[in-house]
Amino acid sequence: MIVVKTEAEATDLRARIQKGESFDDLARKNSVDASANAGGLLGVFVLADLRKEFQDALSGLRPGEISPIVRVDGEYALFQLLTKEETRWQTQNEAARQAFLQGRYVDGEQLALAAIREAENFGPEDSRLGVSVNTLASIYYAQGNYTAAEPLYKRTLTIYEKAWGAGHPDLAAHLDNLAGLYQVKEKYAAAEALYMRALAIREKTFGSEHSDVAISFDNLAELYRAEGNSNAAEPLYKRALAIYEKSLGADHPNVGASLNNLAALYRDRENYAEAEKLYKRALAIGEKTLGPEHPSVGASVNNLAGLYHDQRNYAEAERLFNVLSIYEKALGPEHPNVGTSLISLAELYQDQDNFAAAEDLYRRALAIYEKALGPEHPNVSTSLVDLALLYQNQGKYAEAEPLYKRALTITEKTLGPGHPNLGAGLINFALFYRDQGNYTEAESLYKRALAIYEKALGPAHPRVADTLNGVAALLRKMGRNAEAERMEIRAQSIRAK
């Protein structure tokens, strides 16, 4: 069932469904009924148990058909009668979606696979198949299994392009999904092309001042920031913010999220005064519109605390970092957001040489990530490195080494052997061996990282220059000054460009 406020909306939606758009998708996006989150699914019922208006609308309706518009209590409803096969698919797909939203990824994977098998009976280009394939892709993405997610996002996009056409506005979100995956894999050119295509669709459909267009500007800004191009990112963040303020109002949660994005860019530049102002405004909007215990408010508090940490205002940072109660109350004590806050607080204690407190928090965060996200998620790898660095800084090399090795294994498996993040992990491990005087092992890891960066980022990338300087410093410790000098000259030439 789809319920909307006006007859014009109902007429438009009915026509779109008759042209082949998914009832399920349109229900989620447009219906004001409580069943919207389930794609309008009401379940199995006896016709006589329904109110008279519903009985009249469904009477004589055959599976797959759309009812006439029904006026109910000042609103307008549409019904679609499902076949047994459609009901089975809808039920399985909704169960998969709920498992995903609850972080039950193992269960969600099996439910999504079952839903895909059901949807394939509707045909290889049916939009319902796209829904289930996208659910499975999202589950793999959340688990950090980007290799498995990529072909599924591509398949979803192909299905929807054929079902809706290349310029359909709903296609933009699926372009964003694939672009986001490419961004994580640092395939920036591929990500940019998809984000730009999504932007063009939204501008053509909605006009240049619509809030959906702001989504594209934010996405592009995040991409440019990830590339280290803050000058390209800043005007896009500002444009997105202006659109949100104009179209949604100054106190809308989307404005708060946009303020956080722009503040993060200023924080990167160490423009702390401007970042603080924006973070505080975002926090005020969240508390006013969402309530002080909403997870988004917790994120804003965490951001502000991180800013104070950067400025070594440890007392104020610690006071704010104690927002764990917000996340624990709203999301549960084992949610990944709780792990993120634990790590932030651990870093604060580590900077103050309170290693015992930091270790406890790092270990708690690691346990949360392993349970909530799975033992091979990228967040687990990052958490392992955090703990390894803590041990390394204390000279506890035996405790640190297996953590580094496990982190590298996870990164290589989830992102691939040529991903720049693996290069960063190899450099961490190289520094670990360098600190112990094991220069031969450190050199091997450095050179492997250098090869990854050169291939993935290009031979003139700043990260290549940094790595060359690192190798050069190591070679000088080994008395190989001529080789070191060649590395330094090459690094200098990259920096000079």
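Some values worked out for this structure:
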{"quantity": "Residue identified as within 30 Å of Tyr141 (Cβ to Cβ), modelled with pLDDT of 95 or more and within 30 Å of the chain's Cα centre (by Cα) among Leu415, Leu390, Leu457", "calculated": "Leu390"}
{"quantity": "The one condition in (1) surrounded by fewer than 21 Cβ atoms within 10 Å (Cβ to Cβ); (2) modelled with pLDDT of 95 or more that Ala442 fails to fulfil", "calculated": "(1)"}
{"quantity": "Identity of the residue in the stretch 450-465, in contact with a Phe, Trp or Tyr (Cβ under 9 Å, 6 or more places away or on another chain) and assigned to a helix (DSSP H, G or I), that ends up nearest to Tyr391 (Cα to Cα)", "calculated": "Arg463"}
{"quantity": "Output for the stretch 1-28, where each listed residue is more than 18 Å from Gly74 (Cβ to Cβ) and in contact (Cβ under 8 Å) with a residue 60 or more places away in the chain", "calculated": "Arg14, Ile17, Gly20, Glu21, Ser22, Asp24, Asp25"}
{"quantity": "Residue in the stretch 459-466 that is within 20 Å of His419 (Cα to Cα), surrounded by 16 or more Cβ atoms within 10 Å (Cβ to Cβ) and among the aliphatic types (A, V, I, L, M) present", "calculated": "yes"}
{"quantity": "Residues (in contact with a Lys or Arg (Cβ under 9 Å, 6 or more places away or on another chain) and either of a type in the set (A, V, I, L, M, F, W, C) or within 23 Å of Leu361 (Cβ to Cβ) (or both)) located in the stretch 389-421", "calculated": "Leu390, Leu415"}
{"quantity": "Residue in the stretch 311-337 that is modelled with the lowest pLDDT, counting only those that are touching a Gly at 6+ places or on another chain (Cβ under 8 Å) and under 27 Å from Ala388 (Cβ atoms)", "calculated": "Val323"}
{"quantity": "Selection count where residues are closer than 20 Å to Ile243 by Cα and surrounded by fewer than 19 Cβ atoms within 10 Å (Cβ to Cβ), scope the stretch 176-203", "calculated": "4"}
{"quantity": "Any chance Ala473 is among the small types (Gly, Ala, Ser), closer than 17 Å to Ala388 by Cβ and in a helix (DSSP H, G or I)", "calculated": "no"}
{"quantity": "Failed item in (1) outside any helix (DSSP H, G or I); (2) under 19 Å from Val338 (Cα atoms), with Gly306 passing the rest", "calculated": "(1)"}
{"quantity": "Selection status of Ser127, crowded, with 20+ Cβ neighbours inside 10 Å, under 16 Å from Gly39 (Cβ atoms), modelled with pLDDT under 90 and of a type in the set (S, T, N, Q)", "calculated": "yes"}
{"quantity": "Exclusive hit being buried (at least 20 other Cβ atoms within 10 Å of the Cβ) and either closer than 30 Å to His335 by Cβ or modelled with pLDDT of 90 or more (or both), set Arg117, Arg97", "calculated": "Arg97"}
{"quantity": "Qualifying residue in the stretch 319-339 (condition: in contact with a Phe, Trp or Tyr (Cβ under 8 Å, 6 or more places away or on another chain) and of a type in the set (A, V, I, L, M))", "calculated": "yes"}
{"quantity": "For Leu42: the one exception among (1) hydrophobic (A, V, I, L, M, F, W, C); (2) farther than 30 Å from Val338 by Cβ; (3) part of a helix (DSSP H, G or I)", "calculated": "(3)"}
{"quantity": "Test: residue in the stretch 154-175 that is closer than 25 Å to Pro417 by Cα, surrounded by fewer than 22 Cβ atoms within 10 Å (Cβ to Cβ) and touching a helix residue (DSSP H, G or I) at 6+ places or on another chain (Cβ under 8 Å)", "calculated": "yes"}
{"quantity": "Near pairs, Cβ below 6 angstrom, 6+ apart or cross-chain, from the stretch 381-396 (in contact (Cβ under 8 Å) with a residue 24 or more places away in the chain) to any residue that is part of a helix (DSSP H, G or I) and basic (Lys, Arg)", "calculated": "Leu384/Arg406"}
{"quantity": "Complete set of residues in the stretch 318-344 that are among the aliphatic types (A, V, I, L, M) and either in the same structural domain as Tyr105 (by TED's automatic domain parsing) or part of a helix (DSSP H, G or I) (or both)", "calculated": "Leu320, Leu324, Ile326, Ala330, Leu331, Val338, Leu342, Ile343"}
{"quantity": "Residues of the stretch 228-248 satisfying the condition of being loosely packed, with under 15 Cβ neighbours inside 10 Å, free of Cβ contacts under 8 Å to residues at least 12 places away in the same chain and of a type outside the set (Gly, Ala, Ser)", "calculated": "Asn229, Asn231, Pro235"}
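The values are calculated or read from the model by the stated rules, or taken from the named source; none is laboratory data. This is a predicted model, so every value here is computed, not measured. Cβ: placed from backbone, ideal geometry, glycine included. Neighbour counts: every protein chain shown.
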